[in-house]
Amino acid sequence: MQPDPSQQPPKKVSLAEFSRHCVMSDPVHEWISHINSRYPNFYYTVMQQLLPFKERFLLQTQKFIDICNEFSQYDKQDYEHFKTHSSTEYAGSYAFLLALFLPAIVLLGNQKQVDHWMKLCMDHRVTASYCQTEITHGSDVQNLQTTAHFDPKKKCFILNTPNLGAVKYWPGGLGIIATHIITQAQLYVNGKHYGLQTFVIQIRDYEKMQPIKGIEVGDIGPKLGFKNYDNGYLILKDYEAPLDSLLQKYIQVDQNGNVTQEKDKDAQKLTYGAMMNLRSIIVRLFTHIASRALAISHLLKSKSGYSPAEGRAWLDTLGIYWALVLSSQFIYNTFDEFSRHYKSDPKLAIKMIKELHFLTSGAKVFSSWFLVKAGRVAAANCPTGHLILSGFTQLYADGVPTTTYEGDNVVLSQQVMQVALVYFNRLRGGKDIIGVADFLNRFKKYAQEDLEYKEKFTIENTEDLMLHCNDILDVFAYKYLVKCAKLLQKAIMEDGLSLKVATAGKLQNELVELGISIFHVVMTKMAAKTFLHEETIQMLHEKDYELVAGLLRLYELNLIRDMLGLILENEVIEFNPKLNEIIDQAKEELYQGLLPNLEYLSSHWVAPNKEISTTENFKDLSNPHYDSLRAQIEAVAKQINGAINRQSRL
């Protein structure tokens with residue numbers, strides 16, 4: 001009898017294959033390799049960044065055509081396959097359709113709506129954009145200003161962006177290519193406000209791709225980063241949307257203005273799932289893009305060699321990278337669990353909402369900042385790193401806006417803090433925390449009885465530090481949380497401030513710093529849970545496992561070093577004038593074990609070899625590749641007759 005393949009342990013893989021497994025998944029990597037071989041012009045080159053927007057966008061559109069052609073060979077019912085492959089930067093405009101637009105409909109639409117839009121999307125009959133962000137609101141989702149009023153005479157919703165601040169701004173795919181959008185609006189029926197609801201509406205006609213009545217839409221123009229995408233703006237002027245444009249899983253409005261709404265407020269929280277889905281995707285995406293920058297950087301730097309200081313700094317960067325890789329896998333698995341519960345038992349999914357919000361918000365902050373850092377490191381390691389032809393400037397330019405879009409990092413840090421304070425209140429109420437922050441449960445007695453945790457760690461040597469490294473971070477997270485909770489309590493109870501004024505005003509800096517600091521600790525927990533998981537142990541070779549363990553410990557030591565002032569301020573460690581020296585000595589002991597493997601560790605990246613070699617292929621404008629590229633562009637322009645029209649894309 002043959003053993004069941006699904007029950008067999010995972011095979012041993014290289015570090016590159018494992019990191020790819022964490023941030024991309026094996027099917028996506030296989031698909032990318034396949035489509036690169038099938039469509040030779042699919043991959044962007046450095047030289048394309050020198051082209052005018054029109055020509056670059058024509059290539060982007062050709063990319064969309066290629067993917068539509070490729071996916072037409074698959075079973076149209078295999079939505080998960082389509083969604084998985086479209087959740088990568090390689091999918092171009094197709095990603096907006098299947099990674100953002102359709103998942104929102106699946107999450108918030110009734111079965112009739114899901115079936116209708118699923119067929120249109122699978123048949124490539126629509127192109128789409130996800131339009132949430134407004135000029136003055138993006139991260140503050142509940143206060144979006146776009147409105148939708150039920151019109152009892154016309155039996156439809158009238159959508160408006162009532163002021164300049166409400167104009168939809170920045171969504172990818174909106175400027176030129178989208179025929180339909182997902183958008184959020186404040187719903188009013190017969191004068192009653194029903195909160196923020198989600199609509200799917202058509203903005204352009206199919207034949208000429210012109211805006212339809214009530215729509216003003218266009219490209220926002222040149223911007224920092226995302227040079228190949230048509231980020232756009234949208235103004236709604238008395239736009240008439242049919243009743244079935246409202247996604248109706250949790251709320252329905254009939255022709256007489258009767259509203260049926262899910263009474264369970266917890267169930268309504270599931271509407272936030274679309275945003276969390278997006279953040280779970282972009283955490284992996286940001287990690288992947290960062291790996292590209294670091295891979296190319298190492299390729300160039302390894303030729304001249306690393307100085308001792310550069311080698312150590314590079315290992316510090318690898319420590320952060322691997323913490324992010326493992327955390328990305330943890331978040332992906334958590335969201336996958338949420339998705340399964342959503343289909344089979346929504347009550348279990350509802351219980352995961354706060355945890356997912358905590359993880360995806362904090363990881364988005366962390367991964368976007370690391371992406372920017374990776375771009376800087378890459379450019380610094382290359383003598384020509386700040387030239388467009390180096391390829392690094394675009395990676396860096398694409399990275400900088402990530403700290404703002406899909407949630408401003410400062411706002412998300414505040415939200416991480418707010419969830420952390422909710423967890424602290426659970427402890428004070430004698431309840432355990434369920435989830436990745438469960439390491440705080442050891443302090444439940446102290447929180448419940450309002451007792452001060454007085455134990456301090458005495459660090460006299462590297463052995464003490466290595467022994468107590470994890471505990472130091474745990475205690476720091478708890479004591480810092482207690483301190484901020486008391487500051488917030490004083491601001492509200494004694495100073496008479498509202499919660500909003502206290503968190504967004506007087507205590508904003510302290511609470512943002514709290515959110516960032518605590519999530520750094522949470523990152524170590526997510527990385528550790530993935531690292532210690534049986535699947536990881538089975539997949540990694542023993543040597544690789546030990547090397548990654550060293551990098552993760554290096555990451556923890558760097559956290560302690562970076563936050564040492566706060567750690568001492570919160571009386572976690574007994575003051576010792578030699579603390580910095582001890583930390584540096586402990587790091588040096590790790591360096592000595594890792595430096596001989598520097599080249600080995602740096603040769604394992606998510607980025608395909610074809611992309612890593614891109615910088616090598618283009619040295620100057622006289623390169624014959626440039627003439628070839630021009631010919632390709634002209635061919636594409638002819639193919640779609642110099643215009644972005646609907647028929648040529650299908």
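If you scale each eigenvalue of the Cα gyration tensor by 5 and take the root, what three semi-axes come out for region 127-192, rounded to whole angstrom and sorted largest first?
After diagonalising the Cα gyration tensor, the semi-axes are 22, 16, 9 Å.
For region 273-364, the direction-averaged projected area of the alpha-carbon convex hull comes to 6.3 nm². Net charge in the neighbourhood of GLU589 (other residues with Cβ under 15 Å of its Cβ; Lys, Arg +1, Asp, Glu -1) is -4. Binning all Cα-Cα separations of region 162-275 at 5 Å, short to long from zero, yields these whole-percent fractions: 2, 9, 19, 20, 18, 15, 10, 5, 2, 0. Taking the square roots of five times each eigenvalue of the Cα gyration tensor of region 443-586, the equivalent ellipsoid has semi-axes of 32, 19, 14 Å, listed largest first.
Shown for region 412-483: the carbon plus sulfur share of the solvent-accessible area, taken with all protein chains present and a 1.4 angstrom probe, equals 45%. So what does the Cα-only Debye profile of region 415-515 read at q = 0.11, 0.12, 0.15, 0.21 Å⁻¹, as log10 I(q)/I(0), no solvent term? Log10 of I(q)/I(0), two decimals: -0.38, -0.45, -0.67, -1.11.
Which of the peptides 326-334, 305-313 is most tightly packed, and how do the rest follow, judged by the mean count of other Cβ atoms within 10 Å per residue?
Values: 326-334: 23.2, 305-313: 13.2.
Per-residue mean Cβ counts within 10 Å order the peptides as 326-334, 305-313.
Averaging 1/r over each pair of different alpha-carbon atoms in region 294-340 and inverting the result gives 12.7 Å, the Kirkwood hydrodynamic radius.
Over region 86-209, the reciprocal of the mean inverse Cα-Cα separation, the Kirkwood hydrodynamic radius, stands at 15.3 Å.
Per residue, the solvent-accessible area of region 225-354 (1.4 Å probe, heavy atoms of protein chains only, all protein chains present) comes to 40 Å². Dividing the C-alpha radius of gyration of region 323-422 by 2.2 N^0.38 Å, with N its residue count, gives 1.36.
List the pairs from LYS343/LYS445; LYS227/LYS269; LYS263/LYS529; LYS431/LYS456; LYS343/LYS444 whose alpha-carbon separation is above 27 Å, in the order I gave them.
LYS343/LYS445; LYS227/LYS269; LYS263/LYS529; LYS343/LYS444
The values are calculated or read from the model by the stated rules, or taken from the named source; none is laboratory data. Please read these numbers as outputs of a predicted model, since none were measured by experiment. Cβ coordinates were reconstructed from backbone atoms using ideal geometry, including for glycine residues, and neighbour counts include every protein chain displayed. To get the accessible areas, we keep the full protein, side chains included, count just its heavy atoms, and leave off ligands, DNA and RNA. Shrake-Rupley method; radii C 1.70, N 1.55, O 1.52, S 1.80 Å.
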